[in-house]
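Below you'll find the structure, written out as structure tokens, and then a few comments.
None of the figures in this text is laboratory data; all of them are computed from the coordinates on show. Treat the numbers as computed from the prediction; the structure is a model and nothing was measured. Note that each Cβ is placed from the backbone with ideal geometry, even for glycine, and that neighbours are counted across all protein chains shown.
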Amino acid sequence: MHTADWQLGKRFANIPGDAGGALRDQRIETVAHRTLIRMLDGLQEFSGDWVFIPGNHDPALAGSVWTRLQEQKPPANVHLALEPEQPLRLVGGQAVVLPAVLQRKHEIGDLTAWFDRTETPEGAIPC
């Protein structure tokens, strides 16, 4: 398993006014359509599963890179964990990913609280 923080939603709070907004827009624009397509094409070469989970710098907001990835209809081995409290069953149910999905920059609740009450198939490895 690999995880990385894309920091695509970075707010640039220390830069006031329109300049901060322009920096935010440019950060998203930099991950352009062509870049997303090339990334998805490259992921198809690996026969295993890829799981993408939104983080604190790139929450699952409308109009974000996550929306753009969904619109590209990723290959079957690319799973976008965008819905809270929705386990992802992989490898024929032998592995279950319990994602803590961020839907906004700051979250006061415990996004992992649902892990304890979620049933996974007998013998499955929760991740």
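Only beta bridges with both residues in the chain are counted; by DSSP, about 45 percent of them are antiparallel. Taken along the Cα-to-beta-carbon direction at a fixed 7 Å, the label points for residue 104 and residue 85 span 1.7 nm.
Determine how many Å³ per residue the convex hull of the Cα atoms of the chain encloses.
Measuring per residue, one finds 110 Å³ for the Cα hull of the chain.
Relative to the longest principal axis of the Cα atoms of the chain, the long axis of helix 33-44 makes an angle of roughly 20 degrees. With everything on Cα atoms, drop me the angle between helix 17-30 and the longest principal axis of the chain, reported from 0 to 90° to the nearest 10. Here the helix axis deviates by roughly 50 degrees.
Ordering 73, 105 by the number of other Cβ atoms within 10 Å of each residue's own Cβ, fewest first, gives 73, 105.
Summed over qualifying helices (DSSP H, 4 residues or more, each -39500 (n - 2.57)) and divided by its residue number, the chain shows a 222 nm mean residue ellipticity of -8000 deg cm²/dmol.
Report the calculated FRET efficiency for residue 33 and residue 13 (r = Cβ-Cβ distance, R0 = 30 Å), to the nearest 0.05.
0.60
Charging the Cβ of each Asp and Glu at -1 and of each Lys and Arg at +1, and nothing else, the dipole of the chain about its Cα centre rounds to 420 debye.
Relative to the current alpha-carbon distance between residue 115 and residue 71, full extension at 0.36 nm per residue lengthens the span by 13.0 nm.
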